[in-house]
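Undergrad: I have a structure I would like to understand better, so I am pasting it below and will then ask my questions one at a time.
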Amino acid sequence: MGIHIERTERIWIRVAFAILVFFLAVVTTAAVVDGLVPPSHIQSIDPTKVSETPPFDKPGLRKVGEGAYEAYYVARIFSFAPNQIDVPAGSHVTFYVTSADVEHGFSVPETGVNTMVTPGWVSAVSHTFKTPGTFLLICNEYCGAGHQVMAAKVVVH
Ligand code: CUA
């Protein structure tokens with residue numbers, strides 16, 4: 001005994017199925033795109049050519065205006081270059097960070113500075129250092145045997 005389905009019902013079943021497929025496609029695409037491009041990643045870079053790619057060929061601090069700095073960092077197992085930067089209190093610092101090898105973290109725990117550092121991408125994060133002090137900059141993403149010693153300093157005078 002066959003089940004008789006009206007022509008209009010068949011059309012509606014197809015429409016419902018098409019809508020389902022469409023939404024699945026949208027959700028899947030969004031997940032894949034978000035996974036490949038984390039929101040703080042602004043720019044891509046060849047991770048095998050970091051040491052030849054400006055401005056990461058010369059990591060360090062650049063003054064870009066009154067109380068405004070840009071700091072370019074290269075993360076690699078198991079250190080940050082530069083190892084230390086010095087800025088006056090009140091400075092607004094934008095950190096640009098990339099990795100020359102594996103996934104690292106970039107965190108100044110006493111501030112809001114916290115980003116992942118993914119090979120192939122440049123992460124950017126800003127902070128205004130209002131009070132003098134020595135701030136520890138750490139890798140907070142497990143990257144191998146020397147992960148726990150991977151650190152640098154931000155000194156605010
Ligand atoms: Cu680099 Cu953990």
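Undergrad: All but one of (1) buried (at least 19 other Cβ atoms within 10 Å of the Cβ); (2) within 19 Å of the chain's Cα centre (by Cα) hold for Pro119; state the number of the condition that does not hold.
TA: Evaluating Pro119 over (1) buried (at least 19 other Cβ atoms within 10 Å of the Cβ); (2) within 19 Å of the chain's Cα centre (by Cα) leaves (1) as the failure.
Undergrad: Report yes if some residue within segment 63-71 is outside any strand (DSSP E or B), closer than 18 Å to Pro132 by Cβ and away from the ligand (no atom under 15 Å from the Cβ); otherwise report no. If you could, list the steps in order and put the result at the bottom.
TA: Here is the first cut: in segment 63-71, the residues outside any strand (DSSP E or B) are 66-67.
Subsequent filtering for residues that are closer than 18 Å to Pro132 by Cβ retains 67.
From what's left, away from the ligand (no atom under 15 Å from the Cβ): 67.
Scanning segment 63-71 turns up at least one residue that is outside any strand (DSSP E or B), closer than 18 Å to Pro132 by Cβ and away from the ligand (no atom under 15 Å from the Cβ).
Throughout, read-outs are computed from the coordinates displayed, never taken from laboratory work. None of these values were measured; they are calculated from a predicted model. Counting neighbours? That spans all protein chains shown, and the Cβs are built from the backbone with ideal geometry, glycine included.
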